[in-house]
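Everything below concerns the one structure shown next.
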Amino acid sequence: MAPRTSLTLRKQGFLCETFVLLLKSRSLADRRYFGGWLRSLFAYDIKKDARKDAHSSLLAKKATSGLYEIQFHNVKPECLEAYNNLSDEVHRELHSNADYPCEVAGSWNTWYGEQDQAVHLWRYYGGYPVLTECLNKLRLSKAYLEFHRERSKMLISQRNQLLLEFSFWNQPVPRTGPNIYELRTYRLKPGSMIEWGNHWARAIKYRQNNNEAVGGFFTQIGELYVVHHLWAYTDLQSREETRNSAWLKEGWDASVHYTVPLIQSMESRILVPTKTSPLQ
Ligand SMILES: *[C@@H]1O[C@H](CO)[C@@H](O)[C@H](O)[C@H]1NC(C)=O
């Protein structure tokens with residue numbers, strides 16, 4: 001990362017690190033503040049004794065982790081190829097330009113799920129200050145505005161969400177392919193995010209056999225109480241086998257038993273990486 005960026009990082013502070021500090025803090029005042037903050041965010045019922053370990057397992061972030069944005073672009077079917085060409089080119093440029101502290105963690109087209117859809121996962125190292133810095137710079141970039149204009153002609157609709165990363169999930173790091181990806185999206189009952197994180201912090205160990213766990217996120221802005229789990233498999237058959245093998249492990253069934261009642265609705269998409277996606 002460019003020195004200027006790390007300076008910004010240090011100066012402005014980092015949201016996730018603040019979480020960790022608050023979690024580690026033992027003073028009563030801090031704990032009260034934090035408890036109130038959490039209750040307001042997650043409508044968390046402090047009386048549930050069984051959830052005492054939930055805060056840290058859900059929120060303690062690695063210092064290196066950042067803020068993510070997921071974009072869903074519904075593309076006119078006849079434009080998908082041109083859209084991919086254009087996006088690939090611009091993403092590659094942004095990626096290699098140290099002036100923009102954002103990068104594409106992964107880029108895909110849906111194969112099963114909504115058709116003619118592009119999904120992009122962006123990472124902003126350093127949280128909200130960096131996100132703002134990046135957006136301000138892009139707004140001033142002639143080339144980017146031109147790209148934006150071209151791209152909007154190809155779109156039917158678009159949607160995005162700002163995401164934080166669950167601490168107990170792997171960070172999405174580049175992988176070699178070929179892989180297919182599954183994005184499983186869960187809309188949770190409001191107030192159940194802490195409980196969800198608490199169960200998944202244990203459940204994730206049953207789902208590492210084939211290095212299939214890529215990333216786990218929850219929404220901060222956009223539609224709320226939404227969780228995205230991203231998995232990689234060599235193909236649909238191996239997806240089936242990998243998922244089935246989890247049921248042979250003691251403990252997985254309990255995790256499913258406790259998490260399913262927290263779900264309002266869910267959706268699964270099978271994604272195929274675009275040419276330049278770091279996750280192949
Ligand atoms: C997309 O790029 C490929 C390879 O560079 C090229 O062959 C193809 O014609 C392009 N398609 C469109 C619609 O621009």
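The values are calculated or read from the model by the stated rules, or taken from the named source; none is laboratory data. Every value quoted in this text rests on a predicted model; they were computed, and no experiment measured them. As a convention, Cβ positions derive from the backbone with ideal geometry for all residues, glycine included, and neighbour counts pool all protein chains shown.
Of all residues in region 72-100, those being buried (at least 16 other Cβ atoms within 10 Å of the Cβ) and either of a type in the set (Val, Ile, Thr) or more than 12 Å from the ligand (Cβ to nearest atom) (or both) number 8. Out of all the residues in region 109-133, which are surrounded by 18 or more Cβ atoms within 10 Å (Cβ to Cβ), over 17 Å from the mean Cα position of the chain (by Cα) and not charged (D, E, K, R)? The answer is Gln117, Pro129. If you go through region 70-104 and keep only what is in a strand (DSSP E or B) and either of a type in the set (Val, Ile, Thr) or modelled with pLDDT under 95 (or both), you end up with Ile70, Val75, Cys102, Glu103, Val104.
For region 239-259, what are the residues that are under 15 Å from Arg202 (Cβ atoms) and part of a helix (DSSP H, G or I)?
Initial filter on region 239-259 (under 15 Å from Arg202 (Cβ atoms)): 246, 249-259.
Listed by number, the residues that qualify are Ala246, Trp252, Asp253, Ala254, Ser255, Val256, His257, Tyr258, Thr259.
When region 243-269 is filtered for residues that are among the aromatic types (Phe, Trp, Tyr) and touching a helix residue (DSSP H, G or I) at 6+ places or on another chain (Cβ under 6 Å), the ones remaining, listed by number, are Trp252, Tyr258. One residue stands out in region 83-125 among those that are in contact with a helix residue (DSSP H, G or I) (Cβ under 8 Å, 6 or more places away or on another chain) and hydroxyl-bearing (Ser, Thr, Tyr): the one that is farthest from Leu163 (Cα to Cα), namely Tyr83. Just give me the residues in region 134-152 being free of Cβ contacts under 8 Å to residues at least 24 places away in the same chain, of a type in the set (D, E, K, R) and either farther than 12 Å from Leu86 by Cα or surrounded by 16 or more Cβ atoms within 10 Å (Cβ to Cβ) (or both), in sequence order. The answer is Arg139, Lys142. Checked against the criterion of being within 15 Å of Trp108 (Cα to Cα) and of a type in the set (S, T, N, Q), the candidates Gln237, Gln158 yield just one match: Gln158.
Quick check on Ile263: is it under 23 Å from Val173 (Cα atoms) and touching a residue at least 12 places away in the same chain (Cβ under 8 Å)? In short, no.
Pairs meeting the criteria (first residue in region 70-90 and basic (Lys, Arg), second residue modelled with pLDDT of 95 or more and more than 12 Å from the ligand (Cβ to nearest atom), beta carbons under 7 Å, at least 6 apart or on different chains) are Lys76/Ile156.
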